[in-house]
Amino acid sequence: MIEIKDLHKSYKMGSNSLHVLKGINFKAEEGELVAIMGSSGSGKSTLLNILGMLDEADSGQYILDGVRIENLSETKAARYRNKFLGFVFQSFNLINYKTAMENVALPLYYQKVSRKEREAKALKYLDQVGLKEWAHHLPSELSGGQKQRVAIARAMAAEPKVLLADEPTGALDSTTSYEVMDLIQQINDRGNTILVVTHEEDIAHMCKRIIHLRDGVIVEDKKIKQVRASEYVQ
Amino acid sequence: MFSRDTWREIFTTLRKNKLRTFLSGFTVSLGILIFITLYGMGNGLINTFDKFFSQDATNVLYLFPGRTSMPYKGYKSNRTIEFENSDLEDIEKDFDMFVEHVSPIIRRSALVKYKQESNNYTTIGVDWGQQFAEKTIMMKGRYLNQRDIEEKTRNAVIGRLVEIDLFGSGNAIGEFIDLGGSVFKVIGVFQDEGGDNEERQIYIPYTTRQLIEKNTDKVQQIVVQFKPQLGYTGAMALERNLERFFKDKKFINPEDRNALFIRNVTDQLKQNQDFAGALQLIVTVVAFGTIIAGIIGISNIMVYVVKERTKEIGIRKAIGATPRNVISTILLESVFITTISGFTGMLIGIGLLRSLGDNLSEDYFITNPYISTGVAVFATVVLIVFGGIAGYVPARRAARIKPIVALRDE
Ligand SMILES: Nc1ncnc2c1ncn2[C@@H]1O[C@H](COP(=O)(O)OP(=O)(O)O)[C@@H](O)[C@H]1O
Ligand SMILES: [Mg+2]
């Protein structure tokens with residue numbers, strides 16, 4: 001599903017440049033649930049942004065679902081993001097003047113799905129994250145966990161092939177974190193490929209595979225036995 | 001790009017960001033409102049001007065005698081120049097081609113009495129044709145006619161206010177008044193656009209006036225009504241020829257500037273029109289300055305809006321908005337606001353000018369302030385179009401923002 005070869009990325013800051021990714025090789029099959037770990041500043045977000053076409057690598061190959069991703073125009077990148085990828089961010093990134101339902105429906109608006117269908121789908125996904133009753137509330141009226149669940153519903157609404165989550169539990173307490181991970185596991189159970197950036201061990205162990213980044217390279221890549229988050233959720 | 005869905009999305013965004021929508025809409029409305037009011041007031045000023053200077057006929061030259069200031073052909077300086085009846089005939093004969101009518105004027109103040117009422121008025125001895133030079137409008141009765149002049153009748157035409165002064169609510173026509181010791185019959189009452197003073201005058205045949213004054217043949221002034229076809233240059237030429245003719249006839253030094261005065265209404269009219277034109281130009285420049293200020297206002301708002309929405313734009317881009325989506329959303333929003341509020345401001349402005357009407361004409365010299373719908377719509381459309389262009393620059397910059405930059409946590 002995802003394949004990267006010898007990926008390099010550095011940030012130029014004035015005269016010196018910071019080499020963040022120094023040759024990443026990585027492959028994820030369909031239906032995998034991968035945790036990307038590493039200390040703060042190790043380049044986890046950078047890697048995820050490149051995978052999400054929010055940023056470009058300096059060199060290396062990136063193949064998503066058999067399509068080589070390179071030299072994309074802005075418009076094309078937007079189309080791919082819309083069609084292939086769903087994002088979940090640490091800070092939720094909901095549009096504050098839109099209701100939960102409108103937020104979830106927004107990716108479908110850019111897919112030119114009709115209004116009726118958009119609303120029906122948005123409600124369906126809100127239902128899946130257990131927030132159907134909150135459909136007409138604004139983000140400011142929701143708790144952190146609820147916001148993140150709306151964000152997950154939004155990411156899923158466009159039915160992407162890959163879900164990319166950058167520290168989705170970073171801003172949440174542990175109980176809420178497990179609820180969110182439970183949701184992510186359920187989505188993965190339905191066959192979706194998911195990459196989760198985290199620096200928390202317990203969150204990482206709720207995935208099926210852990211990758212360790214250090215000094216711009218992958219230093220460890222292991223399959224693990226998944227801990228079900230539902231065990232911790234009443 | 002213009003699907004119903006797009007509009008719904010824009011509408012929702014505007015409705016949910018009421019303050020922002022209100023502020024930018026308000027700026028635009030105010031800009032147009034000021035433009036319309038200013039432009040309308042300018043037109044009102046020009047209207048006052050026109051009214052002021054177009055109350056008399058414009059194809060008229062006034063000749064006033066003066067005093068010589070130079071000796072000439074054996075005549076001493078400081079000699080009083082006078083016109084007489086023969087001068088009228090000479091003009092009619094020598095300038096027949098150019099002249100429609102020549103009329104003398106003899107002004108005298110006189111005590112006028114009717115029964116118990118009496119008052120001082122200016123009586124003006126005129127020829128029957130003077131009605132057209134002054135654009136005198138008869139309210140009732142008639143003006144002096146040729147027979148009155150030839151037979152030196154004691155008929156008088158009085159102003160509207162003279163009738164009110166002396167006759168109250170009664171009818172003056174056919175009544176006899178004592179005019180400086182002579183009895184005259186009132187044959188007509190006139191009104192005049194020129195104001196109160198002109199409506200307190202009394203016209204009598206100049207021949208009668210001359211008869212009363214020991215059958216003199218002197219006249220005070222000469223009013224020459226020339227053919228309108230002469231135009232501006234023709235009128236100026238006629239003025240020069242008349243001056244030469246009279247300086248020659250009355251032995252005045254051609255260089256003498258005090259012996260003979262000619263007031264040329266056409267010349268004044270042209271100067272006034274030039275002045276009014278300059279006024280109009282200034283008003284237009286100021287008004288369009290307002291529009292430009294409005295455009296600058298809109299672009300500032302757009303820059304602010306885009307900055308404020310950077311994060312939102314980043315989110316939209318991350319979930320699949322193309323640069324084109326972003327630009328069209330921002331542009332359509334701004335054009336939508338400018339259009340609605342622009343035309344609202346326009347309608348309010350036009351309404352304001354209408355309601356002002358003539359209320360300002362007494363104190364502020366603004367008569368019937370007015371803007372043509374064409375100019376109003378044009379200005380509004382200019383604001384919308386340039387507002388759109390001004391919005392395009394920040395919109396395009398917004399579309400270029402990288403989502404990661406926009407989404408970076410502060
Ligand atoms: N846009 C940027 N410009 C310059 N330096 C950056 C930028 N983004 C990230 N970095 C730097 O790159 C390094 C890796 O960042 P990041 O991928 O966010 O790390 P992580 O998500 O693992 O904490 C950090 O040292 C960070 O300061
Ligand atoms: Mg990070």
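The values are calculated or read from the model by the stated rules, or taken from the named source; none is laboratory data. Keep in mind it's a predicted model, so treat the numbers as computed, not measured. For neighbour counting, all protein chains shown are included, and Cβ atoms are generated from backbone atoms with ideal geometry for every residue, glycine included. With ligands, DNA and RNA removed, areas are computed over all heavy atoms of the protein, side chains included. Shrake-Rupley method; radii C 1.70, N 1.55, O 1.52, S 1.80 Å.
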State which residue is farthest from A:ILE203 (Cα to Cα) when the search covers only the stretch A:1-33 and only residues that are within 16 Å of ligand 2 (Cβ to nearest atom) and open to solvent by less than 80 Å² (accessible area, probe 1.4 Å). A:TYR11
Condition first: modelled with pLDDT under 85, out of contact with any helix residue (DSSP H, G or I) (no Cβ under 9 Å at 6 or more places or on another chain) and not hydrophobic (A, V, I, L, M, F, W, C). Can you find one or more residues in the stretch B:18-40 that meet it? yes
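Quick one: which strands (runs of 3 or more DSSP E) lie wholly within the stretch B:108-163 and hold at least 3 residues that are in contact (Cβ under 8 Å) with a residue 60 or more places away in the chain? Walk me through how you get there before you give the answer.
Working: elements: B:117-126, B:137-141, B:155-159.
Where strands (runs of 3 or more DSSP E) fall fully within the stretch B:108-163 and carry at least 3 residues being in contact (Cβ under 8 Å) with a residue 60 or more places away in the chain, they are B:117-126.
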How many residues, within the stretch B:297-328, are within 47 Å of the chain's Cα centre (by Cα) and modelled with pLDDT of 85 or more? 1
Against the condition within 16 Å of ligand 2 (Cβ to nearest atom), in contact (Cβ under 8 Å) with a residue 40 or more places away in the chain and under 27 Å from A:GLY41 (Cα atoms), how does A:ALA165 come out, does it pass? yes
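I need the full set of residues from the stretch A:93-109 which are within 7 Å of chain B (Cβ to nearest Cβ) and either modelled with pLDDT of 95 or more or out of contact with any helix residue (DSSP H, G or I) (no Cβ under 6 Å at 6 or more places or on another chain) (or both), in order please.
We begin by selecting, within the stretch A:93-109, every residue within 7 Å of chain B (Cβ to nearest Cβ); these are A:93, A:95, A:97, A:106-107, A:109.
Those that are within 7 Å of chain B (Cβ to nearest Cβ) and either modelled with pLDDT of 95 or more or out of contact with any helix residue (DSSP H, G or I) (no Cβ under 6 Å at 6 or more places or on another chain) (or both): A:LEU106, A:TYR109.
Here is a yes/no grid of residues against (1) farther than 21 Å from A:THR193 by Cβ; (2) assigned to a helix (DSSP H, G or I); (3) open to solvent by 30 Å² or more (accessible area, probe 1.4 Å):
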residue: A:PRO160; (1), (2), (3): no, no, no
residue: A:LEU163; (1), (2), (3): no, no, no
residue: A:LEU172; (1), (2), (3): yes, no, no
residue: A:VAL180; (1), (2), (3): no, yes, no
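Do we have A:ARG118 as basic (Lys, Arg), within 12 Å of another protein chain (Cβ to nearest Cβ) and in contact (Cβ under 8 Å) with a residue 24 or more places away in the chain here? Walk me through it before giving the result.
Working: basic (Lys, Arg): yes; within 12 Å of another protein chain (Cβ to nearest Cβ): yes; in contact (Cβ under 8 Å) with a residue 24 or more places away in the chain: no.
In short, no.
Can you go through A:LYS112, A:LYS44 and tell me which one is within 16 Å of ligand 2 (Cβ to nearest atom) and among the basic types (Lys, Arg)? Explain how you work it out, then say what you get.
On the way: A:LYS112 fails: within 16 Å of ligand 2 (Cβ to nearest atom).
Going through A:LYS112, A:LYS44 in turn, the sole match is A:LYS44.
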Check the stretch A:10-23 and report whether any residue there is of a type in the set (Val, Ile, Thr) and within 26 Å of A:ASN188 (Cα to Cα). no
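Out of all the residues in the stretch A:188-196, is one or more more than 17 Å from the chain's Cα centre (by Cα), more than 16 Å from ligand 2 (Cβ to nearest atom) and away from chain B (no Cβ under 14 Å)?
Just the residues of the stretch A:188-196 that are more than 17 Å from the chain's Cα centre (by Cα), to begin with: none.
Taking every residue of the stretch A:188-196 in turn, none turns out to be more than 17 Å from the chain's Cα centre (by Cα), more than 16 Å from ligand 2 (Cβ to nearest atom) and away from chain B (no Cβ under 14 Å).
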Is the stretch B:269-288 home to any residue that is under 31 Å from the mean Cα position of the chain (by Cα), farther than 30 Å from B:TYR39 by Cα, surrounded by 19 or more Cβ atoms within 10 Å (Cβ to Cβ) and touching a residue at least 60 places away in the same chain (Cβ under 8 Å)? no
How many residues are crowded, with 18+ Cβ neighbours inside 10 Å, over 15 Å from the mean Cα position of the chain (by Cα) and of a type in the set (S, T, N, Q) if we restrict to the stretch A:34-53? 1
Just one listed residue, out of A:LYS132, A:LYS83, A:LYS121, A:LYS98, is within 30 Å of B:LEU19 (Cβ to Cβ) and away from ligand 1 (no atom under 16 Å from the Cβ), and it is A:LYS98
Before we move on, is B:ALA379 outside any helix (DSSP H, G or I) and either among the hydrophobic types (A, V, I, L, M, F, W, C) or open to solvent by less than 20 Å² (accessible area, probe 1.4 Å) (or both)? no
Mind listing just one residue for me: the one in the stretch A:197-209 that is open to solvent by less than 20 Å² (accessible area, probe 1.4 Å) and within 16 Å of ligand 2 (Cβ to nearest atom) and, of those, nearest to the chain's Cα centre (by Cα)? A:VAL197
Considering only residues of the stretch A:4-51 that are near ligand 1 (Cβ under 7 Å from one of its atoms) and in a strand (DSSP E or B), which is nearest to the other protein chains (Cβ to nearest Cβ)? A:TYR11
All but one of (1) under 28 Å from B:ILE202 (Cα atoms); (2) within 14 Å of another protein chain (Cβ to nearest Cβ); (3) of a type in the set (A, V, I, L, M) hold for B:ILE105; state the number of the condition that does not hold. (2)
Take the conditions in contact with a Lys or Arg (Cβ under 9 Å, 6 or more places away or on another chain) and either at pLDDT below 85 or open to solvent by 70 Å² or more (accessible area, probe 1.4 Å) (or both) and apply them to B:ASP87. Does it pass? no
Assuming A:LEU54 fulfils every condition listed in (1) more than 8 Å from every other protein chain (Cβ to nearest Cβ); (2) free of Cβ contacts under 8 Å to residues at least 40 places away in the same chain; (3) within 16 Å of ligand 1 (Cβ to nearest atom) apart from one, which condition is it? (1)
Quick check: anything in the stretch B:47-57 within 14 Å of chain A (Cβ to nearest Cβ), touching a residue at least 24 places away in the same chain (Cβ under 8 Å) and among the aliphatic types (A, V, I, L, M)? no
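Yes or no, residue by residue, for (1) within 35 Å of the chain's Cα centre (by Cα); (2) assigned to a loop (DSSP other than H, G, I, E, B); (3) under 25 Å from B:LYS115 (Cα atoms):
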residue: B:VAL189; (1), (2), (3): yes, no, yes
residue: B:GLU199; (1), (2), (3): yes, no, yes
residue: B:ILE202; (1), (2), (3): yes, no, yes
residue: B:THR207; (1), (2), (3): no, no, no
residue: B:GLN210; (1), (2), (3): no, no, no
residue: B:ASN215; (1), (2), (3): no, yes, no
residue: B:ILE222; (1), (2), (3): yes, no, no
residue: B:GLN225; (1), (2), (3): yes, no, no
